[in-house]
Ligand code: RVK
Ligand code: MG
Ligand code: MG
């Protein structure tokens, strides 16, 4: 693998990785691992579900919005991001109930600062902010101090709970480490860096990263991984699951994604987050072409996502 940090291929890999993971997990979102196993044996191909095979859901739609807004504003801007999320909002894609409610409120004129506090007490701690964060990670990969701040602003527009914001920052940092690696990643050093990145409020994530290390030292059953890391739509119960899927299968984008999706639960989102980290490491060239060929490619489809990634790469890496 050519380890060129921040290469165009790897930025595109982070974007398309999100898309591929989202689409691969889409047909079995909400299923248990046992249900997936009984019905499919294993999910390894793009299958039809609620939507056609290769269709993305809210995860990728919001990632697209984030990339559009970053490019338009040349940085993170909460007001523009809120408007962009509302403009792109397509309920057919399937949004988390909290996020759908926040976007409705914003569309009715509520400032996002208030709307994002109104849906749950203290705001949402769902994984909706982490699942879409790849563009922030790529945009700020060369400015780690800015990365945390930008990830948190990008989260706060819909997810005001500190655990959602910390989860988004952690996921962004994992993607940026992966994107910036200049050689093969050492899983334990990777976890160490993630731990150092956490804020004092990130205690739940610190515990989960300890579990990731323990699980990496053994050959745990799927049930043990789910029991210790989680596979649901809370950020605390999915971000570290994606990090683990990536690190368990460092050698292959395909194996990391197949592992992530077959854990069941929030499959599209754990797939999307694993895909972002692994795609930033392996690049577009590491993504199976048979999966890329299946992705929807109409308006704002595969070609558009690739263009957004290439444009963002140009801004960040060619600007000097
Ligand atoms: C449909 C209590 C809370 C909470 C709080 C729980 C899409 C709720 C994507 C909520 C992802 C869920 C997913 C998700 C992304 C959050 N108190 N419960 N303070 N905060 N929850 O609704 O964008 O699939 O059960 O904000 O984060 O594919 O329904 O949405 O799987 O977490 O939705 O949080 O979800 P939301 P989101
Ligand atoms: Mg989704
Ligand atoms: Mg999901």
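Since every read-out is calculated from the coordinates, none of them should be taken as a lab result. What you see is a predicted model, and the numbers here were worked out from it, not measured in a lab. When we count neighbours, we look across all protein chains shown, and the Cβ atoms used for this are built from the backbone with ideal geometry, even at glycine.
Do the sum for the chain: with -39,500 (n - 2.57) for every DSSP H run of n ≥ 4, divided by all residues, what is the mean residue ellipticity at 222 nm, to the nearest 500 deg cm²/dmol?
For the chain, the value works out to -19000 deg cm²/dmol.
Given 0.36 nm per residue, what is the gain on full extension from residue 146 to residue 297 after removing their alpha carbon distance, in nm?
That works out to 51.1 nm of additional length.
Counting other C-beta atoms within 10 Å, which of 315, 136 has the fewest, and how do the rest follow?
Going from sparsest to densest Cβ surroundings: 315, 136.
Taking 0.36 nm per intervening residue step and subtracting the Cα-Cα distance, what contour gain separates residue 38 from residue 110 on full extension?
The residue 38-residue 110 span can extend by a further 21.4 nm.
Suppose R0 equals 51 Å. What FRET efficiency, 1/(1 + (r/R0)^6) with r the Cβ-Cβ distance, do residue 223 and residue 315 give to the nearest 0.05?
After rounding, the FRET efficiency stands at 0.70.
Which order do peptides 174-181, 162-169 fall in by mean Cβ count within 10 Å, highest first?
Put in order of decreasing packing, that is 162-169, 174-181.
How big is the range 46-188 along each principal axis, measuring the range of its Cα positions in Å and listing the largest first?
Principal axes ranked by extent give 48, 38, 30 Å for the Cα atoms.
Would you look at the GNM of the chain, springs on alpha carbons closer than 10 Å, and say which of 37, 138, 240 moves the most?
37
For the chain, list log₁₀ I(q)/I(0) at each q in 0.06, 0.09, 0.12, 0.14 Å⁻¹, using the Debye formula over Cα point scatterers of equal strength and ignoring solvent, two decimals each.
Per q value, in the given order, log10 I(q)/I(0) is -0.16, -0.37, -0.69, -0.98.
Before anything else, pin down the relative contact order of the chain: Cα pairs under 8 Å, at least 6 apart, normalised by residue count, whole percent.
32 percent.
What percent do you get for the relative contact order of the range 177-320 when only Cα pairs under 8 Å and 6+ apart count?
Computed over the range 177-320, the figure is 18 percent.
Which of rounded, prolate or oblate describes the range 118-198 when judged by the alpha-carbon gyration tensor and an a/c cut-off of 1.5?
Prolate is the answer for the range 118-198, as a/c is 1.5 or above and a/b outweighs b/c.
Of 21, 78, 126, which is the most mobile in a GNM of the chain whose springs link Cα atoms less than 10 angstrom apart?
Maximum fluctuation in the GNM of the chain, among the listed residues, is at 78.
Need one word for the range 55-117: rounded, prolate or oblate. Basis is the Cα gyration tensor (sqrt eigenvalues a ≥ b ≥ c); a/c below 1.5 gives rounded, then a/b vs b/c decides.
oblate
So which residue, out of 266, 22, 104, gets the largest mean-square fluctuation from a GNM of the chain using Cα contacts under 10 Å as springs?
104
Does the range 262-301 classify as rounded, prolate or oblate by the C-alpha gyration tensor (a ≥ b ≥ c root eigenvalues; a/c under 1.5 gives rounded; else a/b over b/c gives prolate, otherwise oblate)?
oblate
Can you compute the radius of gyration and Dmax for the range 117-260, using only the Cα atoms, both in Å?
14.5, 45
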